[in-house]
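One structure is given below, encoded as structure tokens.
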Amino acid sequence: MATYSQLISTWLTPQLHCPYTRISTSQQNRSHANHLHRLTVQRHHLEWTSFVSQQGRRELGCGHLSSSVKAVLLDESKERTRLPKGNMWSVHKFGGTCVGTSERIKNVAEIIFNDGSEGKLVVVSAMSKVTDMMYDLIYKAQSRDDSYIAAVDAVFEKHRLTAADLLDGDDLTSFLAQLRDDVNNLRAMLHAIYIAGHATESFSDFVVGHGELWSAQMLSYVVRKSGLDCKWMDTREVLIVNPTSSNQVDPDFVKSEKRLEEWLSRNPCKTIVATGFIASTPQNIPTTLKRDGSDFSAAIMGALLRARQVTIWTDVDGVYSADPRKVSEAVILRTLSYQEAWEMSYFGANVLHPRTIIPVMRYDIPIMIRNIFNLASPGTMICQPSMNVSEDGQKVDSPVKGFATIDNVALVNVEGTGMAGVPGTASAIFGAVKDVGANVIMISQASSEHSICFAVPEKEVKAVAEVLQSRFHQALDAGRLSQVAIIPNCSILAAVGQKMASTPGVSATLFNALAKANINVRAIAQGCSEYNITVVVKREDCIRALRAVHSRFYLSKTTIAMGIIGPGLIGGTLLDQLRDQAAVLKEEFNIDLRVMGIIGSRRMILSEVGIDLSRWRELTKENGEIAELEKFTHHVHGNHFIPNTVLVDCTADSNVASCYYDWLRKGIHVITPNKKANSGPLGQYLKLRALQRQSYTHYFYEATVGAGLPIISTLRGLLETGDKILQIEGIFSGTLSYIFNNFIGSRSFSEVVAEAKQAGYTEPDPRDDLSGTDVARKVIILARECGLKLELSDIPVQSLVPAPLKASASAKEFMKQLPQFDQDMAKERQNAEDSGDVLRYVGVVDAVRQEGRVELRRYKKDHPFAQLSGSDNIIAFTTTRYKEQPLIVRGPGAGAQVTAGGIFSDILRLASYLGAPS
């Protein structure tokens, strides 16, 4: 066995053979330093010998086992007690936060006590922050920073105070004596490092492992106080691992199982508190299990015992379908397959490291992820999936289980015609990447072999680019390679699910969701196992992409950020409808409509989480700010936590309509009853519609014609199914419909107009309705839907405003003078009645002649247009299919409720297109 002085020498070897020029440039000082170092090593040897004699069976150093252990190891002929294995054992692992305070250690002991398993093995980490404190000790000692002495005292004091709160009597005395011995030895060791200015990896592993030793001892004392037969285990006596790299070790299961059986033969008990994170090499040198070492320890122990279950206790309720900090609607997954768990963990999800899963997977041992601070939560089980696994709490059993992301990555693209068909190119590329120690996260290569694209952490991309430029400079100069391109500021998004392998259309759904959220995909990778689909997107798009795909696969609600422009009569009614329907949409239809802003002509109100629609009027008065459309748009669209944005323009403002193109280009959906954009200059209209067709951004305007009636959608349905429009004729104005439905008998025209104005059917200035311009705009919209390239000026309009009154100073003045012209309209009515007709104000689209018009027409009393009431609209489509009997759409065509309802219908149609269940 190695002596303690040999052990110290092993740890310090690199510095013992180097001149101490850093301490002093003089030979005399170097000799003094070497002499001091030799004295220190000798003193450590004496202290170690004394320490081991006090320890009995405890193994603290590399190769230093107690005499009883030596006897067992040397006497191979001695019959060993076979280790009882199987379902009798349950394994628990408690992380640093779980044992971070004395109160939490008591809670852990209670959980262990309440576990009814026959055998219990508990793996514990060091107390919260202690491992970092131990690494800091080494760093300070190596840096010859005297503050390491005070830092050692702080470590001692933290554990002394915790023990004093947990233990009493002989238990406290025994633990504190052991703690003092450990800390005294640490001081001596660190002093040697302070002198040498260096610590090997073995020394660092030995030092940092003390945190686990102390937490395991304290917990074992507390468990014994509860009445259980409990002993603590230094897993360096049991777990044997073979280091394979600086960040990886491989367990030796055969030797470890043998050691475990030997340990249990010496320490028969039903409850074991074992140290996590630490182990030994085959040469009995202390080491650690590196990243997530305590989880790995628990998994190895579970495999050695063939345990019924391994429970990992942490501070979260389980594994989420996505990072809840990025997707607030992320759900806890009740089950994950082993493969799904390691796919998600590779991409940064808060799941076990893949190597932790491998030992238990071998024996189909399930792993439970539980929250020690929320025992009511059932947690997540990682296991071999059954054929019919259903997710409680999820309405749809999605083929995608969850999503994970990796931020701060860069793409490296090596391309050139000289790569195609040349063996060894990929090997040379990745060999160069390996030489600089870079980690390749994903690889994508087209079958043409013209390029190879791969992702690396952004902090490593500079070294990768330099080594590739150097290694392939001849190929680049000769033109066999065209470039080594770097695309920075990227993120990786991975969709994970075992059922993806047997479900057609998953990729299509994923990319469709990204496209509809206006997100460009830079690179794609998918393995033949189909357990994950990986895409690379811009870093700034990552959260929006994550939320978009999460919603699309029904793992969360389809959430849309909304901005309402124009909270007047129609806009205010829409807001009230949204308020009344919000809860039903969330619960029954999985649609979450969040109004992030409301803007009027003077004031606006903005919110980061969504405006309380039960108080939007009061909030606008109390918290409103000066209206600024650009700021409003940026706010509503700038929330990266909501993937989809829609602006609802409830105005009749041409300035607002002129913004539609820019909004659509930015990926903002637009819904409006505002007719100005679609009836404005033809060139702008065609440009707007071309943009709409080229992108996944939606532009809905059903309410521009017929308020809530399905006029636009009916027309599109006819055209898309191959029908040919011959003529569209209709009463498009609810105001004028009301006026002519009531312009009967002896009533005067001015009287009926005044009545309509009083009822709120007309615009504030009735001339806006009587001029026929509004009807002309609707005719233009329908004509353009039919493919006619008409301007508003191409439509002849018969105005009902008497020519002398067009220049009236005000609406009031107009209404005052209108009775003077009643005789003209009365004569028109009388002529119609004499012929058995009625008067109706209509708009006509003649697709055959490619023209439109707006005029006052006569219809027989049995005609559908003559049988209207109130403010109803009626539209007749004459087509090649509906030539003899036109297709008629009829219903209320005016009023805030029906117009707002038409807008609401478009909003729900948008939600359906974005992934909400239809």
Given a Förster distance of 30 Å, the FRET efficiency implied by the Cβ-Cβ spacing of Lys462 and Asn242, rounded to the nearest 0.05, works out to 0.35
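The stretch 828-874: which trypsin sites (Lys or Arg not before Pro) are DSSP loop and have at most 12 other beta-carbon atoms within 10 angstrom?
Numbers: sites: Arg829, Arg840, Arg849, Arg853, Arg857, Arg858, Lys860, Lys861; in loops: Arg849, Lys861.
Taking the stretch 828-874 and a limit of 12 other Cβ atoms within 10 Å, the loop trypsin sites (Lys or Arg not before Pro) found are Arg849, Lys861.
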Charge dipole magnitude, Cβ of K and R +1, D and E -1 - the stretch 662-799, Cα centre, debye nearest 20 = 600 debye
Near the amide H of Arg603, under 5 Å away, which other amide H atoms are found, from residues 5 or more places off or on another chain, if H is placed in the peptide plane?
-> Ala627
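Only Lys, Arg, Asp and Glu count, each charged at its Cβ (+1, +1, -1, -1), so figure out the dipole size of the stretch 711-894 about its Cα centre, rounded to 20 debye.
It works out to roughly 220 debye.
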Rounded to a whole number of µm²/s, how large is the Stokes-Einstein D of the stretch 558-700 at 25 °C and 0.890 mPa s, given Rh as the Kirkwood radius over C-alpha pairs?
-> 159 µm²/s
Where the centroid of each part is defined by its Cα atoms, how far is the stretch 129-189 from the stretch 613-668 in Å?
-> 59 Å
What FRET efficiency, computed as 1/(1 + (r/R0)^6) with R0 = 41 Å and r the Cβ-Cβ distance, is obtained for Ala807 and Ala515, rounded to the nearest 0.05?
-> 0.20
Please give every one of the aspartates and glutamates within straight-line cross-link reach of Lys538, meaning a C-alpha to C-alpha distance under 14 Å, and leave out same-chain neighbours fewer than 8 residues apart.
-> Asp407, Glu458
Accessible area in square angstrom per residue, the chain, 1.4 angstrom probe = 43 Å²
Relative contact order (percent, whole number), the stretch 89-314, Cα cutoff 8 Å, 6+ residue spacing | 30 percent
Step through the residues of the stretch 402-412 one at a time and calculate ³J(HN,Hα) from phi using the Karplus curve (6.51 cos²θ - 1.76 cosθ + 1.60, θ = phi - 60°), rounding each to whole Hz and writing x for Gly and Pro.
-> x, 10, 9, 9, 10, 9, 6, 10, 10, 9, 10
Translational diffusion coefficient, Stokes-Einstein: compute it for the stretch 137-210 using the Kirkwood radius over C-alpha pairs as Rh, at 10 °C and 1.306 mPa s, and state it as an integer in µm² s⁻¹.
-> 122 µm²/s
At the level of C-alpha centres, the distance separating the stretch 805-882 and the stretch 695-751, in angstrom, is 14 Å
Calculated from the structure, Rg and Dmax of the Cα atoms in Å equals which of (i) 42.8, 135; (ii) 39.2, 132; (iii) 32.9, 97?
-> (ii)
Global size of the stretch 89-314 as Cα Rg and Dmax, reported in angstrom = 17.0, 52
Modelled label-to-label distance, Lys225 and Ser658, 7 Å Cα→beta-carbon offset: nm?
-> 7.8 nm
Got a number for carbon plus sulfur as a percent of the stretch 89-314's accessible area, 1.4 Å probe?
-> 49 percent
Share, in percent, of DSSP beta bridges within the stretch 89-314 that are antiparallel, nearest 5 | 25 percent
The ratio Rg/Rh over the Cα atoms of the stretch 763-918, Rh being the Kirkwood inverse mean 1/r radius, stands at 1.01
From the phi of every residue in the stretch 105-117, what ³J(HN,Hα) in whole Hz does the Karplus formula 6.51 cos²θ - 1.76 cosθ + 1.60 yield, where θ is phi - 60° and glycine or proline is x?
-> 4, 4, 5, 4, 4, 5, 4, 5, 4, 7, 6, x, 4
The chain: calculated mean residue ellipticity at 222 nm from DSSP helix runs of at least 4, using -39500 (n - 2.57) = -13000 deg cm²/dmol
Please figure out what share of the DSSP beta bridges in the stretch 558-700 is antiparallel and state it in percent, rounded to the nearest 5.
-> 20 percent
Cross-link list Lys586/Lys666; Lys586/Lys724; Lys724/Lys806: which exceed 30 angstrom alpha carbon to alpha carbon?
-> Lys586/Lys724; Lys724/Lys806
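Before anything else, pin down the relative contact order of the chain: Cα pairs under 8 Å, at least 6 apart, normalised by residue count, whole percent.
The normalised contact order for the chain reaches 8 percent.
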Quick one: check the C-alpha center-to-center distance for the stretch 425-479 versus the stretch 783-802, whole angstrom.
-> 62 Å
For Thr271, distant residues with modelled amide H under 5 Å away = Lys120, Lys231
Name the residue farthest towards the positive end of the dipole of the stretch 400-554 from the options Ser482, Ile406, Val506, assuming +1 on Cβ of Lys and Arg, -1 on Cβ of Asp and Glu, about the Cα centre.
-> Val506
Label-point gap, in nm, between Thr503 and Ser377 - each point 7 angstrom along Cα→Cβ = 2.4 nm
Projecting the Cα atoms of Asn520, Gly745, Val648 onto the charge dipole of the chain, where Lys and Arg contribute +1 and Asp and Glu -1 at Cβ, the residue farthest towards the positive end is Asn520
Name the residue farthest towards the positive end of the dipole of the stretch 257-363 from the options Ile332, Leu305, Leu264, assuming +1 on Cβ of Lys and Arg, -1 on Cβ of Asp and Glu, about the Cα centre.
-> Leu264
Rounded to whole Hz, the Karplus (6.51, -1.76, 1.60) HN-Hα couplings of the stretch 323-330, x for glycine and proline | 4, x, 6, 9, 10, 5, 8, 4
Mind scanning Lys106/Lys129; Lys860/Lys883; Lys326/Lys516; Lys675/Lys883; Lys816/Lys860; Lys255/Lys290 and naming the pairs with a C-alpha gap bigger than 25 Å?
-> Lys675/Lys883; Lys816/Lys860
Note, Thr633: beta-carbon cut-off 15 Å, +1 each Lys/Arg, -1 each Asp/Glu, net -3
Enumerate by residue number the GluC sites (Glu not before Pro) in the stretch 106-176 meeting two conditions: DSSP loop (anything except H, G, I, E, B), and at most 15 other Cβ atoms within 10 Å of the site's Cβ.
-> Glu118
How high is the FRET efficiency from Glu755 to Gln897, r the C-beta distance, R0 25 Å, rounded to 0.05?
-> 0.80
Scoring the stretch 558-700 by relative contact order with C-alpha pairs under 8 Å, at least six apart, yields a percentage of 24 percent
Are there GluC sites (Glu not before Pro) in the stretch 820-898 that DSSP marks as loop and that have at most 13 other Cβ atoms within 10 Å, and which are they?
-> Glu884
Size of charge dipole - the chain - debye, nearest 20, with Cβ of Lys, Arg +1 and Asp, Glu -1, no other charges | 900 debye
If the cut-off is 20 Å between C-alpha atoms, which aspartates and glutamates fall inside it for Lys827, apart from same-chain ones fewer than 8 positions away?
-> Glu751, Asp837, Glu855
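The values are calculated or read from the model by the stated rules, or taken from the named source; none is laboratory data. All values derive from a computational prediction rather than experimental measurement. With ideal geometry, Cβ positions are generated from the backbone for all residues, glycine too; neighbour counts draw on all protein chains shown. SASA here: full protein model, heavy atoms, side chains in, ligands and nucleic acids out. Shrake-Rupley method; radii C 1.70, N 1.55, O 1.52, S 1.80 Å.
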